[in-house]
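J.: Submitted below is the structure of interest, expressed as C-alpha cells.
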Amino acid sequence: MSLHPSGALPRSSGRVLALLRACHPEPTVAVTVFVAVLAVGAGRGPAGSVAVVLAVLAGQLSIGWCNDAVDARRDTACRRGDKPVGTGELPRAAAAAAAGTALALCVPLSLVCGLAAGAVHLVGVAAGWAYNLRLKRTVLSPLPYAGGFASLPAFVTLGPPLSAWPAWWATTAGALLGVGAHLANVLPDIEDDLATGVRGLPQRLHRPACRRLAPVVMSAAVGVLVVGPPGAPGVMDRVLTGAAVVAAVAGTAVRSGTRSRWPFRTAIVVAGIAVAQLLLHAPDMS
C-alpha cells in the first residue's frame, strides 16, 4: 500500500480502514468464527458451512455499521476516539450505506441456507437492528441480545442435513450468553450512556450491579450446557465450566479504567468455551 508524499494513507484506503474499524470487528469476527465452528461440527458440509459463514458475517457487519451510524452524535459528544464515525474519519452516510448494503446481502445469503434457518437468522439480525434503533434506550435492552444469540444454534441446526430445532439447552445457553455479553459490553460506557440519554437495563442497574450480574449470567449459560444434555457430565464438561467461570469473574473484576474493554473480551472467551461445550454434545444438539 503506497503513501502520499505527506505520509498519509490515500483517502480511499483510509475510508476502507475506517469502515473496518466501524464494523465492531471483535464481536463480528468472534460470532462469525463461533458459528462457523458450530456449522462444521453439525455436519453442514463445506458448501453449507461457507453459506452460513457468509450470512452471519453479512448480518454482523450490518449490525455493527448500523450501530455506529445511529450513535454518531453520541460518540462525538462522548469523544469516542475508537469510533471513526464519531471522530469524523468516516461520514455517517457511508456507515449507513454500508449497513444497508450488508443487510441487503444478508437476506439472500441467509435464505440460501434453508428457508426456516434463514428466517430464524434474519429474525436475529432484525433484533440487532431493533436494539440499535430503539431498544438500547429502554428496559428491554437485553432482549435483542438474548434473541440474537439464541437464534444462532437454530440457524445451524434448521438447515440441512439436520433440519430440526436445536435442543432447549442450546438456545437457552445462547440467550443467557447474549444477556451476559450485553451487561459486559456496556460496562465501560455506562456513565456516558446516562449522560446522553441511553437508559437500557444495565444503565438503570448501574456499574456495581452489572459487574456482579454479568459473571452470574454467563456462568449460568455454561451451567445449562452441563446439566441440559443427556447423560452425566464428563470431565471435559467440568474443566470447561470451571474455565468459563474463572474467565467471567476475572473479566468483570478488571478495574483498569472505565473504558476497559476486557469485560466484553472475556465474555467472548466464555462464548468460545460454550461453543466448545456445544461441540462436545453436537450429536444431542437437535
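J.: Taking K and R as +1 and D and E as -1, what net charge do the other residues with C-beta under 15 Å from the C-beta of Pro230 add up to?
T.: In short, -2.
J.: Within the set of other residues whose C-beta is less than 11 Å from the C-beta of Thr87, count the net charge using Lys and Arg as +1 and Asp and Glu as -1.
T.: Surrounding charge for Thr87 is 0.
J.: Which residues' amide hydrogens lie under 5 Å from the amide hydrogen of Ser286, considering only partners 5 or more residues apart or on another chain, with H built in the peptide plane?
T.: Close amide H contacts, sequence-distant or interchain: Ala167.
J.: Mind giving me the nanometre distance, one decimal, between the label points for Thr101 and Ala253, set 7 Å out from Cα along Cα→Cβ?
T.: A separation of 4.6 nm, rounded to one decimal place.
J.: Please compute the volume of the convex hull spanned by the alpha-carbon atoms of the chain and report it per residue in Å³.
T.: About 133 Å³ per residue, rounded to a whole number.
J.: Turning to a different aspect of this structure: Keeping every protein chain present and rolling a 1.4 Å probe, give me the accessible area per residue for the chain in Å².
T.: 44 Å²
J.: Each residue of the stretch 247-252 in order: what ³J(HN,Hα) in whole Hz does its phi give by Karplus 6.51 cos²θ - 1.76 cosθ + 1.60, θ = phi - 60°, with x for Gly and Pro?
T.: Calculated HN-Hα couplings, in order: 5, 4, 5, 5, x, 7 Hz.
J.: Keeping all protein chains in place and using 1.4 angstrom, which order do Ser110, Ser163 fall into by accessible surface area, from largest down?
T.: Correct descending sequence by accessible area is Ser163, Ser110.
J.: Can you give me the relative contact order of the chain as a percent, contacts being Cα pairs under 8 Å and 6 or more apart?
T.: 16 percent
J.: Continuing with the same structure: Calculate the FRET efficiency for Glu191 and Arg238 from the Cβ-Cβ distance with a Förster distance of 35 Å, rounded to the nearest 0.05.
T.: Rounded to the nearest 0.05, the efficiency is 0.35.
J.: Right, something else. With θ set to phi - 60°, apply the Karplus curve 6.51 cos²θ - 1.76 cosθ + 1.60 along the stretch 211-219 and write out the HN-Hα couplings as whole Hz, x wherever there is a Gly or Pro.
T.: Using θ = phi - 60°, the values come out as 4, 7, 7, 4, x, 5, 5, 5, 5 Hz.
J.: Moving to a separate point now. Once every DSSP H run of n ≥ 4 in the chain is given -39500 (n - 2.57) and the sum is divided by its residues, what mean residue ellipticity at 222 nm do you get, rounded to the nearest 500 deg cm²/dmol?
T.: It lands at -24000 deg cm²/dmol.
The values are calculated or read from the model by the stated rules, or taken from the named source; none is laboratory data. All of these numbers come straight from a predicted model, not from anything done at the bench. Counting neighbours? That spans all protein chains shown, and the Cβs are built from the backbone with ideal geometry, glycine included. These area figures cover heavy atoms from the full protein model, side chains too; ligands, DNA and RNA do not enter into them. Shrake-Rupley method; radii C 1.70, N 1.55, O 1.52, S 1.80 Å.
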